[in-house]
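The values are calculated or read from the model by the stated rules, or taken from the named source; none is laboratory data. What you are looking at is a predicted structure, and each value in this text was computed from that prediction instead of being measured. Using ideal geometry, Cβ is built from the backbone for each residue, glycine included, and neighbour counts are taken over all protein chains shown.
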Amino acid sequence: MLALLDNTDDEGLPEALDLLAAVDEGLVAGFARVDEDRAAALTALAGAFGGSPLAERVAEAVEKIAAGSIADEHLFALAAARIAILGAVHDALLARADAALSRTRAPWSGEPGPAAAAVNLLAGSRSWLRELAITGWRGVDHDLVSAAGQVIEATLADPELRRLAVLLDGLAAELRASSPIATLERVPVRRWADLWSRALLLAQDGGRAQRAAGAEPVTGRLLVLGADVHEHGTAVQVQVHGVLEAGGAEPRLVRASVAAAKVDTIVGPAIWGLLQGQPMLMTALAERRSVDLTDMPLLASGDLVWHDDRAKPGAPAEPFATARVLLTGALAPATAPLDRHPARIAEPVFVEGQSPIPVDTARLPACGPLTPELVGAASAVIGLLRWDAGRWTVQPIAVETTVKKKTVAVHTTDWALGPTDSKAAKAAGEAVQVLRERAGRLLRK
């Protein structure tokens, strides 16, 4: 079915994405310096929203910014327009993928999030984001980055604003590492504009972003397909994809994410040691078992709000059997409004034989036994369908391959309880030992 996805069939997507340049390039140079070409690009952006609910606000924002009058509401309109375009592209791509996979998707059911009480922190966040937009990435230096330190620290301490705080903290860290940006050879234009736009929307109107309409407690069986590992210098997240069977309802595609803080010296298989506070999930991943859930909260976005004490490893359940039997007919979840971005597409798929679209091994994590060589020799793949850099790819998270004339399955999570390979186990132990020695020296001081 993946053969129906054609990487050459753009259907106007490049033209839609080209509109983003009006904002993205403006953020590079700074909106304090809008020349004729940039003003024309902004006017074209406003024209694209003619007849839409955003038309009036975007047109006014473009006029004011081109005239040198920049207020919070004008930048907010640009950020909203940019996110709306990416959302439309996301929806078009996901509809194409659903049609190719014969996949049914649930409608979104959402409501405004609660208004945050800390309006001063939201105002401080908007102020820093406004300074970034006026100055432009090329004008950012250590002083401008440091100016956000106090508001980010205070925002991180407020649980209601944690989503915004983590986003601001991450953006500030990337800008700090790249400063002075005037000397940077290449600016990650699209990425920083994504972070800026999303942060500005979260900092508006008490942070009342759309959220799922209440979590539904589910009791049933989670059949794991595999997991994607997101690793950063200071954090790691394991996002498990699976099929949920609960209450006699039709099987549903769901995700379960667990995360932990880390330091940049903990890499590779050593990261699993950070997640042993989730023993039920780690056991199910390593031993390829189903997971019995009791009153586990499930959001409309398909995300299980993971509570390890509400889970118990069940009977052995081979993910490839689950993929072959249940994946095609499972109901896919809706996408939350602020998550509607092409880069967020990660649809579980099963491929047997030669894949009709490229298999991308660049995302393979270093914490598991899955390697590009094993992927290249695979007879079957469980992967995540993604759209990146203008094309569809499959990111493998598990493969079936032949080793010593036997068919074996290899998963990214096979070492969730610790490496079974002696060399990897030794390296993981050494990383932890080094940290313990450093901690001991600090305590003795």
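Things to note:
- When each of Val62, Val89 is tested for being surrounded by 17 or more Cβ atoms within 10 Å (Cβ to Cβ) and farther than 30 Å from Leu331 by Cβ, the lone residue that passes is Val62.
- Lone qualifier among Ala317, Ala286, Ala246, Ala259 - being of a type in the set (A, V, I, L, M, F, W, C), in the same structural domain as Gly233 (by TED's automatic domain parsing) and farther than 23 Å from Asp414 by Cβ: Ala246
- A count restricted to segment 376-390 and to residues that are assigned to a loop (DSSP other than H, G, I, E, B) and farther than 24 Å from Glu318 by Cα stands at 2.
- Scan of segment 386-416 for residues that are more than 20 Å from the chain's Cα centre (by Cα), surrounded by 12 or more Cβ atoms within 10 Å (Cβ to Cβ) and at pLDDT below 95, ordered by number: Thr401
- Residue in segment 318-333 that is nearest to Asp98 (Cα to Cα), counting only those that are surrounded by 18 or more Cβ atoms within 10 Å (Cβ to Cβ) and of a type in the set (Gly, Ala, Ser): Ala332
- Within segment 338-350, considering residues that are out of contact with any Phe, Trp or Tyr (no Cβ under 7 Å at 6 or more places or on another chain) and either outside any strand (DSSP E or B) or modelled with pLDDT under 95 (or both), the one surrounded by the most Cβ atoms within 10 Å (Cβ to Cβ): Arg340
For every residue, the table says whether it meets (1) in a helix (DSSP H, G or I); (2) farther than 16 Å from Leu201 by Cα; (3) of a type in the set (Asp, Glu); (4) in contact with a Lys or Arg (Cβ under 8 Å, 6 or more places away or on another chain).
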position	(1), (2), (3), (4)
Trp128	yes, no, no, no
Val145	yes, yes, no, yes
Ala154	yes, yes, no, no
Arg162	yes, no, no, no
Ala172	yes, yes, no, no
Ala177	yes, yes, no, no
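- Scanning segment 351-385 for residues that are without any contact (Cβ under 8 Å) to a residue 24 or more places away in the chain and of a type in the set (A, V, I, L, M), we see that the one that is surrounded by the most Cβ atoms within 10 Å (Cβ to Cβ) is Ala378.
- Residues of segment 25-73 satisfying the condition of being over 21 Å from Gly136 (Cα atoms), part of a loop (DSSP other than H, G, I, E, B), among the small types (Gly, Ala, Ser) and in contact with a helix residue (DSSP H, G or I) (Cβ under 9 Å, 6 or more places away or on another chain): Gly50, Ser52
- Annotation: of all residues in segment 239-251 being closer than 21 Å to Gly383 by Cβ and out of contact with any Gly (no Cβ under 7 Å at 6 or more places or on another chain), the one that is surrounded by the most Cβ atoms within 10 Å (Cβ to Cβ) is Gly242.
- In this structure, Thr294 does not qualify as among the hydroxyl-bearing types (Ser, Thr, Tyr) and closer than 21 Å to Pro396 by Cβ.
- Boolean, Ile382 is modelled with pLDDT of 95 or more and closer than 18 Å to Gly268 by Cα: no
- Residue within segment 260-279 that is under 21 Å from Pro333 (Cβ atoms), without any contact (Cβ under 8 Å) to a residue 60 or more places away in the chain, surrounded by fewer than 20 Cβ atoms within 10 Å (Cβ to Cβ) and within 16 Å of the chain's Cα centre (by Cα) present: no
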